[in-house]
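Data first, discussion second: the structure below is written as structure tokens.
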Amino acid sequence: MNYTIREARTADMGQVLQLIQELASFEKEDNAVEVTAADLIAQGFGKEKLFHCFVGVLEDEIVGMALVYPRYSTWKGPVIHLEDLIVTEKMRGSGLGTALLNKVVKYGHELGVKRISWEVLDWNEPAITFYENKGARVMRDWDVVQLDEKAISKYLENI
């Protein structure tokens with residue numbers, strides 16, 4: 001398959017949102033996506049860019065994406081976080097996931113980051129195997145901790 005990897009554009013965000021929704025369905029969280037295409041445009045291409053996005057394109061259709069944003073490690077210094085690497089089901093096994101990850105790693109290297117980090121669901125063995133085969137270390141002894149919007153409000157009520 002003859003796909004290309006490029007930087008995302010504002011006009012891509014509708015299709016990027018479709019990929020995000022496809023991932024949410026895959027992860028059994030069909031109703032969890034709250035972000036809109038307009039949010040993605042404002043937050044990724046506005047005055048203060050909150051993320052950087054690459055897309056995989058096949059015949060004018062976005063069939064994969066990788067979205068990263070900057071973080072800071074008190075132990076290492078500047079890092080980037082790979083929020084999502086998504087390849088549409090029909091493109092899995094085509095090499096697109098590797099091409100997107102390659103782009104992210106090159107981007108991180110150009111920025112001079114000390115680490116690229118991301119999460120993977122513990123039941124997603126194909127993804128875990130893919131990442132481990134690329135040299136990534138899956139840290140199974142760490143748990144993800146989050147406060148969602150409702151929990152943030154409740155927290156603030158109690159302080």
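Each reported figure results from applying straightforward, stated rules to the coordinates on display, with no laboratory input. Just so it is clear, the structure is predicted and the values come from calculations on it, not from any experiment. Don't worry about glycine lacking a Cβ; one is built from the backbone with ideal geometry, like all the others, and counts go over all protein chains shown.
Computed values, structure above
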{"read-out": "Cα-based radius of gyration of segment 4-118 once divided by 2.2 N^0.38 Å, which approximates compact folds", "value": "1.05"}
{"read-out": "Residues of type aspartates and glutamates that residue 47 reaches as a straight line, Cα spacing below 19 Å, ignoring anything fewer than 8 places off in the same chain", "value": "7, 12, 39"}
{"read-out": "Over the chain, relative contact order from alpha-carbon pairs under 8 Å, at least 6 apart, %", "value": "18 percent"}
{"read-out": "Positive-end extreme of charge dipole, segment 4-118 - chosen from 67, 111, 23 (charges on Cβ)", "value": "111"}
{"read-out": "Choice from 64, 44, 135 with maximal GNM fluctuation in the chain (Cα, 10 Å cutoff)", "value": "135"}
{"read-out": "Charge dipole magnitude, Cβ of K and R +1, D and E -1 - segment 4-118, Cα centre, debye nearest 20", "value": "720 debye"}
{"read-out": "Within straight-line cross-link reach of residue 76, lysines at Cα separation under 16 Å, skipping those fewer than 8 residues along the same chain", "value": "114"}
{"read-out": "Mean-position separation - Cα centroids, segment 1-45 and segment 51-97, in angstrom", "value": "11 Å"}
{"read-out": "Calculated log₁₀ intensity ratio I(q)/I(0) where the Debye formula runs over C-alpha points of segment 90-135, q = 0.34 Å⁻¹", "value": "-1.24"}
{"read-out": "Under 16 Å from residue 134, Cα to Cα: lysines that are on another chain or at least 8 residues apart", "value": "103, 106"}
